[in-house]
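All remarks here apply to the structure that follows.
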Amino acid sequence: MLNTAYEKPGRPFEPNEQRVSAHADTSLYFGHPDIDMLYSYLLSKGMHLKQPQITGYGWKAIYLLDPDGYQLCFHWPVQ
């Protein structure tokens, strides 16, 4: 289960920079069969993302940071 660090009533207005800075070394990878569709969907929701790229291991991927500073990667093998 993925969960935020704080429940909604106790969530600070701004992220704690000391706590978030420790998240830079953690990435979570998720498989998604249609990276281009996901990219378009996230853009339509107001996210600012770099275009999908082909990784060194041959998968199409998009990367983003979640509100807690973790890198998220959505990727799928290039056909």
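Just so you know, all these numbers are worked out from the coordinates, no wet-lab data involved. Just so it is clear, the model here is predicted, and its values are computed rather than measured. Backbone-built Cβ (ideal geometry, glycine too); neighbour counts: all protein chains shown.
Structure values in brief
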{"quantity": "Residue that is farthest from Phe30 (Cα to Cα) [pool: residues in the stretch 58-79 that are under 10 Å from the mean Cα position of the chain (by Cα) and among the aromatic types (Phe, Trp, Tyr)]", "calculated": "Tyr70"}
{"quantity": "Asp34 surrounded by 11 or more Cβ atoms within 10 Å (Cβ to Cβ) and within 13 Å of the chain's Cα centre (by Cα)", "calculated": "no"}
{"quantity": "Selection status of Tyr29, among the aromatic types (Phe, Trp, Tyr) and in contact (Cβ under 8 Å) with a residue 12 or more places away in the chain", "calculated": "yes"}
{"quantity": "Residue that is farthest from the chain's Cα centre (by Cα), among those in the stretch 44-57 that are of a type outside the set (Lys, Arg) and closer than 23 Å to Pro15 by Cβ", "calculated": "Gly46"}
{"quantity": "One residue from Leu65, Leu72, Leu38 being among the hydrophobic types (A, V, I, L, M, F, W, C), free of Cβ contacts under 8 Å to residues at least 40 places away in the same chain and touching a Phe, Trp or Tyr at 6+ places or on another chain (Cβ under 8 Å)", "calculated": "Leu38"}
{"quantity": "Number of the exception - Asn16 against (1) surrounded by 11 or more Cβ atoms within 10 Å (Cβ to Cβ); (2) within 13 Å of the chain's Cα centre (by Cα)", "calculated": "(2)"}
